[in-house]
Protein chains: 2
Amino acid sequence: MQCSSYNKYVIIVAGGSGRRMSASVEKQFLPLGESVVLIETLKMVSSSVPDAKIVLVLPIGRADYWRSLCDKYNCRIAHSLVEGGSERFFSVKAAIDSIECIGEKALVAIHDGVRPFADKQIFDECFEKAAECGAAVSCCDCTDSVRYQNKSIDRSEVKLVQTPQCFELSLLQKAYAQTYNPTFTDDASVVESLGTEIALVEGKRENIKLTKPFDFVIAESLINGKLN
Amino acid sequence: MQCSSYNKYVIIVAGGSGRRMSASVEKQFLPLGESVVLIETLKMVSSSVPDAKIVLVLPIGRADYWRSLCDKYNCRIAHSLVEGGSERFFSVKAAIDSIECIGEKALVAIHDGVRPFADKQIFDECFEKAAECGAAVSCCDCTDSVRYQNKSIDRSEVKLVQTPQCFELSLLQKAYAQTYNPTFTDDASVVESLGTEIALVEGKRENIKLTKPFDFVIAESLINGKLN
């Protein structure tokens, strides 16, 4: 089935409390470029997939703060808000449950709120592959040698997984109806636990996840490269 | 045994032809900061481990070009030159063979020529751990989800391996006396194939390997941060 036959959703997951940065504000609300990380991500998603409905998952109690940021930075992109849970699994599940989809064929891309550097090509390829296979995730080769359980493993067989991760809505609903399991580290692992094959789409290293101060150094140089 | 009881060597491996960058010059000779990558790496190694003898592995036929770069950028750091081989294994082996070591207790750090952002702390910790355990490599946690042979694996058990990788000289000589095997992706994997346990030392993500254009974007912002 062709990608264009589906309705499209993008769930932006920003329910985390950003403990890794040990900052007073969650990392998705830290300054980036001319606004903050999450607004930059929302703008990128909206321009990459203009025909998608956007669902944004925020930490509990942060909706008013988010609206104040949107006002401050004059961000008028349509999106619905969902309150996150204690784990990413519950945040994504809440977003899926918010999608009204009676009899609807839909594809859902799930994207990290702290990855503002994905782009149209990455989203297009993920949606197309998910239309074909049901489940597709964006990932990159690993340029470092890799050790797993303190043994060397063949890095050519290793993929570093990013987002977006795209799925048929019905498959995603079935996957997230499962009981939570701590081995669910990303959406692909939840869907995979149904026995579903996951297709891989070549991502871009520039699509970094902003979690540590070093990532923000990289992000600023990427933003400057874009603005110049 | 204490680290200070050993003589120290650092082998800087820059024997590669830089095919990944598809540039006309090898990536270790590309501009960085105020000189080129390999000179920046050599300066960093010399200031991080001032008591070490430095052995530099260059691509075949590049010694004169290298000397011209050292003249141009007024780099007077003492080091010996070795000609590289067709694979990293043979480059490192040639450097080990060049070390004169009759009856000498020595530790050898092997470091990528395209990693100019290691530092004194990383080298000190690697040398100390290698004095204690025989073999120690610098590595980082992985912030992305990881797939291996297209299955999710637990990323908390995954380490991304960098350099320096430090070893007792006698152990390294024994390891590199083995027949070459394509599964030897780094020095740790060569030593490990003897059945030796490899100790892990916490590295820094800033210690990037410059292989692709994106890495040079990051490198320039790191250099600018250092110079300001």
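Points to keep in mind about this one:
- In segment B:46-71, the residues that are closer than 30 Å to B:S5 by Cα and touching a Lys or Arg at 6+ places or on another chain (Cβ under 8 Å): B:S47, B:S48, B:V49, B:D51, B:A52, B:K53
- Checking A:L169, A:L194, A:L160 one by one, the residue that is out of contact with any helix residue (DSSP H, G or I) (no Cβ under 7 Å at 6 or more places or on another chain) and free of Cβ contacts under 8 Å to residues at least 24 places away in the same chain is A:L160 and no other.
- Candidates A:V108, A:V114, A:V146, filtered to the one that is on the phi < 0 side of the Ramachandran plot, buried (at least 17 other Cβ atoms within 10 Å of the Cβ) and more than 14 Å from every other protein chain (Cβ to nearest Cβ): A:V108
- Being within 14 Å of chain B (Cβ to nearest Cβ) and either closer than 17 Å to A:L56 by Cα or part of a helix (DSSP H, G or I) (or both) is a description that applies to A:V92.
- Hits in segment A:179-190 - residues which are part of a loop (DSSP other than H, G, I, E, B) and more than 8 Å from chain B (Cβ to nearest Cβ): A:T179, A:Y180, A:N181, A:P182, A:F184
- A:L38, sole failed condition from (1) part of a helix (DSSP H, G or I); (2) touching a strand residue (DSSP E or B) at 6+ places or on another chain (Cβ under 6 Å): (2)
- For the residues B:C139, B:C166, the requirement of being facing chain A (nearest Cβ under 7 Å) and under 20 Å from the mean Cα position of the chain (by Cα) singles out B:C139.
- Condition check for A:K129: assigned to a helix (DSSP H, G or I) and either over 25 Å from A:K43 (Cα atoms) or away from chain B (no Cβ under 12 Å) (or both): yes
- Top-ranked residue of segment A:191-204 - restricted to ones that are touching a strand residue (DSSP E or B) at 6+ places or on another chain (Cβ under 8 Å), outside any strand (DSSP E or B) and not β-branched (V, I, T), ranked as farthest from A:S35 (Cα to Cα): A:E197
- Residues in segment A:191-204 that are surrounded by fewer than 18 Cβ atoms within 10 Å (Cβ to Cβ), of a type in the set (D, E, K, R) and within 10 Å of chain B (Cβ to nearest Cβ): 2 in all.
- Tallying residues that are within 14 Å of the chain's Cα centre (by Cα) and either part of a helix (DSSP H, G or I) or within 8 Å of another protein chain (Cβ to nearest Cβ) (or both) within segment B:205-223 yields 2.
Read-outs: derived from the displayed coordinates by stated rules, not from any lab. This structure is a prediction, so every number in the text was calculated from the model and none was measured. Cβ sites come from the backbone with ideal geometry, for glycine too, and all protein chains shown count toward neighbours.
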